[in-house]
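The values are calculated or read from the model by the stated rules, or taken from the named source; none is laboratory data. All values reported here derive from a predicted model rather than from experimental measurement. Because the Cβ atoms are built from the backbone with ideal geometry, glycine has one as well, and the counts that use them run over all protein chains shown. When the accessible area is computed, the model is the full protein with side chains, heavy atoms only, and any ligands, DNA or RNA have been set aside. Shrake-Rupley method; radii C 1.70, N 1.55, O 1.52, S 1.80 Å.
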Amino acid sequence: MNILYTIDDSLYVNLTNKCPCRCIFCIRDEKDEIEKSGNLWLEHEPSIDEIKEAFKNYNLSDYNEVVFCGYGEPLVRLDEVIEISNFIKEKSNVKVRVNTNGLSDLIHKKKTAILLKDNIDSISISLNAPNKDVYTRVTRPKYGEVSFEYMINFAKECKEYISEVVFSVVDEISQEEIEMSKVLANELGIDLKVRNKN
């Protein structure tokens, strides 16, 4: 079971396969792994002890960052992300990042950005679209149209508590929608990264 996997100089943590979205570009629908990660479909959600045990096989000083990102939404397991990031901080000064769809407030029915304070150095939030209509069509969140507003509010709150906040969109949307996303990100004072679907 691949709890941890590497891509270049980053060590990735695969905590869960659960996700409240069904994005039209999701890589999970096409293959079982990312580069040479091995199969990222988990037999079960790993316990804290299993995750810590997996870290024994890696030297954190070999990596530029540890990233919570697997075949699911890591903040579904918010408490585990916090505990494991504290565990990492106790062992190393390596940067800790979370890649998220930004819907953890909806998932947990409470404000969550503040809970990541002092635990997470960087967060990448999937903006995915410039407005709620495109977002709902592209991301297909189980919470419906309110998801876009919640994601935006989460991003604003992350800016208060996390030193590096970045938006991402996938080039699955049109060039016009990408440009509109850039305008929105700029208005919010958040950098935007355009990711290639492949």
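Quick one: with all protein chains in place, what share of the accessible area of region 61-198 is carbon or sulfur, to the nearest percent (1.4 Å probe)?
Numbers: 2760 of 6550 Å².
For region 61-198, the apolar C and S fraction of the accessible surface comes to 42 percent.
Across the chain, the mean sequence separation of Cα contacts (distance under 8 Å, 6 or more residues apart), normalised by length, yields a relative contact order of 20 percent.
Report the full-extension gain for the segment residue 89 to residue 39: residue separation times 0.36 nm, less the Cα-Cα distance, to one decimal in nm. Present the calculation step by step, with values, prior to reporting the outcome.
Values: separation 50, 0.36 × 50 = 18.00 nm, distance 2.74 nm.
Fully extending the segment from residue 89 to residue 39 adds 15.3 nm.
Per residue, region 1-74 exposes 52 Å² of solvent-accessible protein surface, assessed with a 1.4 angstrom probe and all protein chains in place.
Per residue, what accessible area does region 157-198 have, given a 1.4 Å probe and all protein chains present, in Å²? Walk me through the numbers before you get to the answer.
On the way: 2560 Å² over 42 residues.
Computed with neighbouring chains in place, this is 61 Å² per residue.
What pairs from 111/142; 111/193; 18/117; 18/109; 56/159 go past 22 Å between their alpha carbons? Flagged as over cut-off: 111/193; 18/117; 56/159.
Length gained on full extension, residue 179 to residue 65, computed as 0.36 nm times the residue gap minus the Cα-Cα distance: 38.1 nm.
Dividing the helix sum by the residues of the chain, where each DSSP H run of 4 or more adds -39500 (n - 2.57), gives a mean residue ellipticity at 222 nm of -9500 deg cm²/dmol. With protein chains left intact and a 1.4 Å probe, residues in region 98-138 average 37 Å² of accessible area per residue.
Which value results when the Cα radius of gyration for region 1-117 is divided by 2.2 N^0.38 Å? Let's see the in-between values first.
On the way: Rg = 13.8 Å, N = 117, 2.2 N^0.38 = 13.4 Å.
Against the empirical 2.2 N^0.38 Å value, I get 1.02 for region 1-117.
Could you pull out which residues in region 178-195 have an amide N less than 19 Å from a spot 7 Å beyond the Cα of residue 8, following the Cα-Cβ vector? Output list for this probe position: 191-195. In angstrom, the C-alpha Rg and Dmax of region 70-111 are 11.4, 32.
What full-extension length gain, to one decimal in nm, is calculated for residue 24 and residue 195 as 0.36 nm per residue of separation minus the Cα-Cα distance? Before the final figure, lay out the partial values.
Working: separation 171, 0.36 × 171 = 61.56 nm, distance 1.42 nm.
Full extension from residue 24 to residue 195 adds 60.1 nm.
Legend note: in the chain, cysteines whose Cβ sits 4.7 Å or more from every other cysteine Cβ are 19, 21, 69, 158. On a 0 to 90 degree scale, rounded to 10, what angle separates helix 175-187 from the longest Cα axis of the chain? For 175-187 against the chain, the angle is about 80 degrees.
Between helix 146-161 and the chain there is an angle of about 60 degrees, using the helix long axis and the longest principal axis of the Cα atoms.
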